[in-house]
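Below is one structure, written out as structure tokens; the observations come after it.
The values are calculated or read from the model by the stated rules, or taken from the named source; none is laboratory data. The structure presented is a predicted model; accordingly, all values stated were derived computationally and were not measured. Cβ placement follows ideal geometry from the backbone for every residue including glycine, while neighbour counts extend to all protein chains displayed.
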Amino acid sequence: MLEVTELACLRGDRMLFADVALTVQAGELVRIAGPNGVGKTSLLRLLCGLAQPEHGQVSWKGQRLERTRERFHREALYLGHAAALNDLLTPLENLRFAAACHGLGVDAGRCELALERIGLGPQRDLPAKVLSQGQRRRVGLARLYLSENVPLWVLDEPFTALDVAAVRDLADWLDAHCAHGGMVVMTTHQDVPFATPMRTFDLAESAC
Amino acid sequence: MLSVFLEVLRRDLLLAWRNRADVLVTLAFFTIVACLFPFGVGAEPNLLRTIAPGVLWVAALLATLLSLHRLFAQDHTDGVLEQLLLSPEPPVLWVLAKVLAHWLTTAVPLIVAAPALALLFDMTQSATMVLVLSLLLGTPILSLLGGVGAALTLGLRGGGMLLALLVLPLFVPILIFGAGAVDADLAGTGAAAHLMLLGGGSLAALALAPWASAAALRIAVE
Amino acid sequence: METGQRFSLFRYAAPQQFYPLAGRLAPWFAAAAVVFTLIGLYLGFFVAPTDAVQGEVYRVIFIHVPAAWMSMFVYLIMAFWSAVGIVFNTRLSAMMAQALAPTGAMFCFVALWTGALWGRPTWGAYWVWDARLTSQLLLLFLYFGFMALTRAIEDPRRADKAGAILALVGAINVPIIYFSVKWWNTLHQGASVSLTKAPSMATTMLMAMLVMALAAWAYTIAVVLWRVRPLILERERHTEWVGDVLETSEARA
Amino acid sequence: MIWQSWSDFWSMGGAAFFVWGSYGVTFALIALELVLVLRRRKQVVHRLQRLRQAMKASARRKEIHQ
């Protein structure tokens, strides 16, 4: 489904990695592993089309990403380091905006539910600047509870700054997504128990 | 298609409202710059009438320039820009929405304030009318072209000065035709040609600038 | 590292071939520039007659006009390479654009400087807000903007693309700036001041000017080829061929 | 012949400052540009050679380790 061939990434002067090949099938959960600075985030950004590879290509459902950009963006979700949260808007407003931009026809009620699910029900109408680091993270993650119909999830360290219960709940949700034929590609430094057999892709082997 | 345009427009207007001090600061800057000139060149009414169109246009230009960095900077730092670029809709749409929001929150207050400043410079009523019209037709180009500059300099050290260096030369024709319109009206030759050129320029900028901005934003987050 | 070399070799064949070619061609263009300059100066100072109206000072024209032409051509060529870079995603074109900019800015400054020195005895002022001088000044700012932007961005790929977009936006604006300034100038000053010279120019004068223009072309090509070579080396440093180039020059040293 | 003598040539009919000022600055700028371009090439080659040697040395060290 998501296919990566001969991918190479240049960051500034440095060739981070080269010759990366990776295929993610429906229902798979793939963890990108490797030490800091090996280019995990860069790889995720290449996978979701935010950056252009130095060499090689990313294909989605057999088509090169450049050719199928609109469809791919409809069918992929990327959550990066930054929470994509504006400080002057409330979590609810932020979430609604993010969902609308992604082309998800979602009403306010579902957004409220998603926020409750991630444990932000009471804070949903506070300006985002008063939230703690973990709470800010959760606003971004709340999008996952709106995106069950988006097949590919690309997640950069989704478990950082979450408490144990939230990690548990999120892991269950990722499992459910894979069980329904979704795909998850993520990086994490935490050992999270998944029901889905997790495939680990060690990026260090392709590092230059 | 339109939903992302409307969502971004609504959000940016809401943000401008929550952050309305920024809008007021731009407006105050415009007023103060315009008011500095009489102190510099003397308060002789005939002189003031002659320089008024140029002064007000230069002030509007500088005020727009100062507000340009707001266009994408916040979204760039908090990651919203990435998410917008990952939207399935074409980037031109939401770029246009952001530029429109910028125009509505920066240029429109200036245009509303301009007649009051025109009074300070003892401009005639018809010249004031033409000034407002020329601002109305010309400031969209400032926002559109400025958007390209803001996108190109996004996240760079010393980006503000660089932005000025990039866009001010490009603003010169707008200044010429904008101030020229008022001059032409004062000279009795009619401002229609200038205004039409400004309008045409706005349309051309509307057609081209969002593409350049979108391309520049794509490479800025890479 | 090894894998990286393989890929870049495969994809960037063009710079690899262009680098030695540029090295071979540049001296020839430089030699041509010297020859043309000598001929042009000889024609300009010893063959072209004294101007009936302006006297000897008109001889500034032999650098002023070629420099002004060159400054505009160079911007157009920059825009052309930028467009090529955007459309075909070739990296060499962006390097060419960046190698062109300083020379274009230099010619732009020369045109302004000689225009000012020429203007003083002819119009009685170093600077008049003439349409050509003014748009030349704005062109210089466009060059500075391009150079400042490409230098301010650290990531070379982003610098290339951002520079290309700016060069194109500027190229669309250059004619607009020129005509708007011209219009503004006629409105404000009347057509009394203009750089257009005596109506009939002696053939020898024209010849000298054209030869100097050729010299400017040859010089520009030579210096741009020399400037693009280290740029190529820096950008392609991961490749094997750059390693070979470095080793041979090491052995020679 | 246009010029009666060399001093006549250098005085340019009284416009010496303007004519020679133009040519002088132009050729000075061209010379400056050439110097800068050629020096830049030397600097770049030197820097890249040093980088290369450093990289080679670290690769050798790695090999020895293994």
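Results, tabulated for the structure shown:
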{"quantity": "Residue in region B:93-115 that is modelled with pLDDT under 90, surrounded by 18 or more Cβ atoms within 10 Å (Cβ to Cβ) and basic (Lys, Arg) present", "calculated": "no"}
{"quantity": "Test: C:MET205 is within 17 Å of C:VAL47 (Cα to Cα), at pLDDT below 75 and more than 19 Å from the chain's Cα centre (by Cα)", "calculated": "no"}
{"quantity": "Top-ranked residue of region C:140-156 - restricted to ones that are assigned to a helix (DSSP H, G or I) and more than 7 Å from chain B (Cβ to nearest Cβ), ranked as modelled with the lowest pLDDT", "calculated": "C:PRO156"}
{"quantity": "Count of residues meeting criterion [closer than 29 Å to A:GLY103 by Cα, of a type outside the set (S, T, N, Q) and under 14 Å from the mean Cα position of the chain (by Cα)] in region B:79-133", "calculated": "8"}
{"quantity": "Tally, over region C:53-67, of residues that are within 12 Å of chain D (Cβ to nearest Cβ), farther than 12 Å from D:MET12 by Cβ and surrounded by fewer than 23 Cβ atoms within 10 Å (Cβ to Cβ)", "calculated": "1"}
{"quantity": "Test for B:ALA205: is it within 9 Å of chain C (Cβ to nearest Cβ) and surrounded by 18 or more Cβ atoms within 10 Å (Cβ to Cβ)", "calculated": "no"}
{"quantity": "Filter result (over 16 Å from the mean Cα position of the chain (by Cα), within 14 Å of another protein chain (Cβ to nearest Cβ) and either assigned to a helix (DSSP H, G or I) or surrounded by fewer than 13 Cβ atoms within 10 Å (Cβ to Cβ) (or both)) within region B:14-51", "calculated": "B:LEU14, B:LEU15, B:TRP17, B:ARG18, B:ARG20, B:ALA21, B:THR50, B:ILE51"}
{"quantity": "Restricting region B:142-160 to residues that are assigned to a helix (DSSP H, G or I), hydrophobic (A, V, I, L, M, F, W, C) and at the interface with chain C (Cβ under 9 Å from one of its Cβ atoms), the residue that is surrounded by the fewest Cβ atoms within 10 Å (Cβ to Cβ)", "calculated": "B:LEU145"}
{"quantity": "Scan of region A:22-67 for residues that are surrounded by 18 or more Cβ atoms within 10 Å (Cβ to Cβ), of a type in the set (A, V, I, L, M) and outside any loop (DSSP other than H, G, I, E, B), ordered by number", "calculated": "A:LEU22, A:VAL24, A:LEU29, A:VAL30, A:ILE32, A:LEU43, A:LEU44, A:LEU46, A:LEU47, A:VAL58"}
{"quantity": "Hits in region C:226-248 - residues which are assigned to a loop (DSSP other than H, G, I, E, B) and either in contact with a Cys (Cβ under 8 Å, 6 or more places away or on another chain) or facing another protein chain (nearest Cβ under 7 Å) (or both)", "calculated": "C:ARG237, C:HIS238"}
{"quantity": "Test: C:VAL174 is of a type outside the set (Lys, Arg), touching a Phe, Trp or Tyr at 6+ places or on another chain (Cβ under 9 Å) and not in a loop (DSSP other than H, G, I, E, B)", "calculated": "yes"}
{"quantity": "Scope region A:4-21; condition surrounded by fewer than 17 Cβ atoms within 10 Å (Cβ to Cβ) and outside any loop (DSSP other than H, G, I, E, B); matching residues", "calculated": "A:THR5, A:GLU6, A:ARG11, A:ARG14, A:ALA21"}
{"quantity": "Qualifying positions in region A:78-99 - under 17 Å from the mean Cα position of the chain (by Cα) and facing another protein chain (nearest Cβ under 8 Å)", "calculated": "A:TYR78, A:GLY80, A:HIS81, A:ALA82, A:ALA83, A:ALA84, A:LEU85, A:ALA98"}
{"quantity": "Leading residue by the ranking (farthest from the other protein chains (Cβ to nearest Cβ)) among those in region B:52-80 that are surrounded by fewer than 19 Cβ atoms within 10 Å (Cβ to Cβ) and β-branched (Val, Ile, Thr)", "calculated": "B:VAL58"}
{"quantity": "Residue in region A:104-113 that is assigned to a loop (DSSP other than H, G, I, E, B) and more than 14 Å from chain B (Cβ to nearest Cβ) present", "calculated": "no"}
{"quantity": "Residues (surrounded by fewer than 21 Cβ atoms within 10 Å (Cβ to Cβ) and either in contact with a Phe, Trp or Tyr (Cβ under 6 Å, 6 or more places away or on another chain) or among the basic types (Lys, Arg) (or both)) located in region B:178-202", "calculated": "none"}
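Table: residues versus (1) within 24 Å of A:ALA33 (Cα to Cα); (2) in contact with a strand residue (DSSP E or B) (Cβ under 9 Å, 6 or more places away or on another chain); (3) modelled with pLDDT of 85 or more; (4) small (Gly, Ala, Ser).
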| site | (1), (2), (3), (4) |
| --- | --- |
| A:GLY56 | yes, yes, yes, yes |
| A:ARG74 | no, no, yes, no |
| A:GLY80 | yes, yes, yes, yes |
| A:LEU88 | no, no, yes, no |
| A:ILE118 | no, no, no, no |
| A:VAL130 | no, no, yes, no |
| A:LEU144 | yes, yes, yes, no |
| A:VAL154 | yes, yes, yes, no |
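Residue by residue, here is whether (1) aliphatic (A, V, I, L, M); (2) within 7 Å of another protein chain (Cβ to nearest Cβ) holds:
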position: D:TRP6; (1), (2): no, no
position: D:PHE9; (1), (2): no, no
position: D:SER22; (1), (2): no, yes
position: D:LEU36; (1), (2): yes, no
position: D:ARG41; (1), (2): no, yes
position: D:VAL45; (1), (2): yes, yes
